[in-house]
Amino acid sequence: MSRKSSIVTVEPPAYTTDAEKLEIAGFECPYCCGQGKWSEEVGRNVYVEHTCRVCKGVKELKAIITIGWLPNIKPE
Ligand SMILES: [Zn+2]
């Protein structure tokens, strides 16, 4: 079975040690299988609709990745 994935290549920036923030979007929500909601039958022909609590009904998730850079000081 195929699936979508992303690969992040980590490389130190040339002129700064400021933190980097990456955002990768477009992942189908695995909790609701990209539906955003589902119906539950609570009685005969009575349905209650639930919004996915993970993606809040948006159907997709995004990753926020923060990378901090520090000198690699080794103990003597
Ligand atoms: Zn969801």
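The values are calculated or read from the model by the stated rules, or taken from the named source; none is laboratory data. As the structure is a computational prediction, the values presented were derived from the model and not from experiment. For neighbour counting, all protein chains shown are included, and Cβ atoms are generated from backbone atoms with ideal geometry for every residue, glycine included.
Numerical summary
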| quantity | calculated |
| --- | --- |
| Matching residues, segment 61-76, being under 26 Å from the mean Cα position of the chain (by Cα) and either more than 8 Å from the ligand (Cβ to nearest atom) or of a type in the set (Val, Ile, Thr) (or both) | LYS62, ALA63, ILE64, ILE65, THR66, ILE67, GLY68, TRP69, LEU70 |
| Of all residues in segment 20-59 being touching a Leu at 6+ places or on another chain (Cβ under 7 Å) and near the ligand (Cβ under 8 Å from one of its atoms), the one that is farthest from SER6 (Cα to Cα) | CYS55 |
| Breaking point among (1) at pLDDT 90 or above; (2) hydroxyl-bearing (Ser, Thr, Tyr); (3) away from the ligand (no atom under 13 Å from the Cβ), for SER6 | (1) |
| Pair list, Cβ under 6 Å, 6 or more apart: segment 42-59 residue touching a residue at least 24 places away in the same chain (Cβ under 8 Å), other residue not in a loop (DSSP other than H, G, I, E, B) | CYS55/LEU61 |
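For (1) out of contact with any Gly (no Cβ under 7 Å at 6 or more places or on another chain); (2) among the charged types (D, E, K, R); (3) over 30 Å from LEU70 (Cα atoms), each residue gets a yes or a no:
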{"site": "THR16", "(1), (2), (3)": "yes, no, no"}
{"site": "ILE24", "(1), (2), (3)": "yes, no, no"}
{"site": "PRO30", "(1), (2), (3)": "yes, no, yes"}
{"site": "VAL46", "(1), (2), (3)": "yes, no, yes"}
{"site": "THR51", "(1), (2), (3)": "no, no, yes"}
{"site": "CYS55", "(1), (2), (3)": "no, no, yes"}
